[in-house]
Amino acid sequence: AATLGSAAAAKGRTFGAAVANGHLGESAYTTTLDREFTGITPENEMKWDATEPSRGSFRFGAADAIVSHAQGHGQKVRGHTLVWHAQLPGWVSGIGSGSELLAAMRNHIAGVAGHYRGKIAYWDVVNEAFNEDGTRRPSVFQQRIGNSYIEEAFRAARAADGSAKLCYNDYNTDNQNAKSNGVYNMVRDFKARGVPIDCVGFQAHLSAGQNLSTLQANLQRFAALGVDVNITELDVGGSGSAQANTYGQVVRACLAVSRCTSITTWGVTDKYSWRSGSTPLLFDGNYARKPAYTAVLQAF
Ligand code: XIL
C-alpha cells in the first residue's frame, strides 16, 4: 500500500495521528495528514482546561475545528480526554468536597461528550489513573471521590454518548508489568460488574530498542477480557534503523491481536513533537518519510 492509512485499512485497522488545531493552516502539514492518516486525536483541544476553563462555561471552537477537518477527510476522531489529573483548570482541583467534585466531573463529561455525541469513534474517558506499582494515582479525583470515580466517569460518558467506544488510556502499560496488571484487574472487574468500558488505550511513548517482549501478550490478555485495544500515542525516541525496528515491532504486535483496531502516532512531524529535542515520529521536520515510516508500511 502507498500510505499508512491504506496499509492499515487493508488489515481492517485505522492509522491515526495527534493533531494540533494551530497547524491546520499549514498546507504541508495537512497534505501529509490527509494523505497518510485515517484517524485524528486532538492533541490538547478536548482536555478539561481547553473545554471548560471556568466552571460551567464550555468552549469548543478549537476542538470543533479539528472534528470538522476530520469529518471532511473521512478520518475517525478519538476524543482525548475527559478525566485526567493534568491540564486541569485550577477551579477543579480547588473543589474540596467529593460529592461536589463528582457533580462537576459528571457535568463536564455530559457537556463535552454530549457536545460531540455521534461524532467520536473512541473516547479516552479516563487517562493515566495508575501509578507504576499498579496502585491508583493520588489525583484530586482519587483523593476526593475515591476508587469509584473511574466507573462514575464511564457511566457518565455512556449516558452522554451511546455510540462512542469508551476507553481507559495510560502509559508504561505496553508490556506486562505491575502497572498494566493494575489496569487489567480494573478492566476485568468493570466487565464483571457491567461498568461500560469498551477499550483500553496503550500510549506507547517508547524509546528505540526498548524491550517489548510482552507487548503482544499484554494486548492479547486485555482483548480476551472483551475490549478493543488501541495504540494511542505512539512515538519512539531515537533515530534510524533502531527507531524503525521498534516501530515495526509495535505494528506487528498490534496486527497479531485481532481486537487491536487502531494505531495512532502522537503527532505528524518531528518538528512539532511534544518530546522536544527528540525526533520520535514517522515524518521529519520537512515532512520527508523516515526509515521508521518504511518499517511501518512493511510491517503492515
Ligand atoms: C501532551 C501534548 O502533546 C502537549 O502538547 C501538552 O503540552 C502536554 O500533553 N500523555 C497524554 C497526552 O495522554 O495528552 C500528552 O499530550 C502526552 C502524554
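Here are some notes:
- Taking only Cα atoms of region 209-291, radius of gyration then Dmax in Å: 13.6, 42
- Under-5 Å amide H pairs with GLY39, H placed in peptide plane, nonlocal only: PHE15, GLY16, ALA17, LYS76
- With 0.36 nm allotted per residue and the present C-alpha distance subtracted, the SER68-ALA217 stretch has 50.0 nm of extension available.
- Charge-dipole axis of the chain as Lys and Arg at +1 and Asp and Glu at -1 on Cβ define it, positive-most pick from THR32, TYR184, ALA208: TYR184
- Surface/4 estimate of mean projected area, convex hull on alpha-carbon atoms of region 58-111, nm²: 4.3
- Diffusion coefficient, µm² s⁻¹, Stokes-Einstein with Kirkwood Rh over alpha-carbon pairs of the chain at 25 °C and 0.890 mPa s: 128
- Measuring max minus min along each principal axis, the C-alpha atoms of region 1-88 give extents of 47, 26, 19 Å (largest first).
- Rounded to the nearest 20 debye, the dipole size of region 17-95 about its Cα centre is 200 debye, using +1 on the Cβ of Lys and Arg and -1 on the Cβ of Asp and Glu.
- Stretchable slack from ALA192 to ASP133, in nm (0.36 nm times residue separation minus alpha-carbon distance): 18.9 nm
- 9 Å beta-carbon shell around ASN131, net charge (K/R +1, D/E -1): +1
- Net charge in the neighbourhood of ALA288 (other residues with Cβ under 15 Å of its Cβ; Lys, Arg +1, Asp, Glu -1) is +1.
- The order of ASP49, ASP174, ASP34, going from fewest to most other C-beta atoms within 10 Å of their C-beta, is ASP49, ASP34, ASP174.
- Protection proxy ranking, peptides 64-70, 201-207, average beta carbon neighbours within 10 Å, highest first: 201-207, 64-70
- Working value for region 28-147: equivalent-ellipsoid semi-axes of 29, 16, 11 Å, each the square root of 5 times a Cα gyration tensor eigenvalue, largest first.
- Size of electric dipole in the chain: Cβ of Lys, Arg +1 and of Asp, Glu -1, about Cα centre, debye, nearest 20: 600
- Report summary: the helix-based calculation at 222 nm, which adds -39500 (n - 2.57) for every DSSP H run with n ≥ 4 and divides by the residues of the chain, gives -12000 deg cm²/dmol.
- Against the rule of thumb 2.2 N^0.38 Å, how large the Cα Rg of region 151-231 comes out: 1.12
- This model, with +1 at the C-beta of Lys and Arg and -1 at the C-beta of Asp and Glu, gives region 37-190 a dipole about its Cα centre of some 360 debye.
Laboratory data are not the source of any read-out in this text; all were calculated from the coordinates shown. Here the structure is a predicted model, which means the values were calculated and not measured. Because the Cβ atoms are built from the backbone with ideal geometry, glycine has one as well, and the counts that use them run over all protein chains shown.
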